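Worksheet for the structure shown next.
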Amino acid sequence: MSTLVVIGYDDQFKAEEVRLSLMKMQKDYLIDLGDAVVAVKDQEGKVKLHQAVNMTAAGAVSGGFWGTLIGLIFLNPLIGLAVGATTGAVSGALTDLVKSVAVDTLDGRARQGRVRRQGPGRTHWHVHPRRGAGQPHR
């Protein structure tokens with residue numbers, strides 16, 4: 001069974017600072033994070049999620065690599081790079097779109113529901129650890 005940790009803050013910068021601290025702990029192998037999200041409620045009452053990974057950029061890099069590799073097979077790596085990066089970026093953007101739709105449905109209702117009950121400007125930090133702290137694991 002997985003665990004979802006939610007902590008509320010009065011400003012977004014404190015939540016981002018905590019998320020950066022957790023990323024440093026992950027680099028030191030003290031914690032294994034599945035996902036880390038900062039949910040911010042703006043003055044109009046709309047909830048915005050700030051995710052740790054930009055899926056569009058990650059898709060473009062991955063697609064560019066695989067496109068170049070496949071392009072080398074067909075002796076045209078530049079076209080493979082262009083097609084792969086474009087396809088990867090579109091795929092990453094669609095992944096972000098699907099995540100934003102999912103935020104309003106399944107798990108997002110629980111995440112955003114906590115923030116909606118608070119006043120404007122309130123920030124929540126959400127983390128989904130895979131393994132807890134304790135002895136460093138490598």
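A short reminder: the numbers here are calculations on the coordinates, not readings from a lab. Everything quoted here is computed from the prediction, not taken from an experiment. Because the Cβ atoms are built from the backbone with ideal geometry, glycine has one as well, and the counts that use them run over all protein chains shown.
Structure data summary
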{"quantity": "19, 130 arranged by Cβ crowding within 10 Å, fewest neighbours leading", "calculated": "130, 19"}
{"quantity": "Packing-based order for 23-35, 73-85, using average beta carbon neighbours within 10 Å, highest first", "calculated": "73-85, 23-35"}
{"quantity": "Extension gain, residue 54 back to residue 73 (0.36 nm per residue minus Cα-Cα distance, nm)", "calculated": "3.9 nm"}
{"quantity": "Kirkwood Rh, Cα atoms: Rg over Rh of the range 1-95", "calculated": "1.15"}
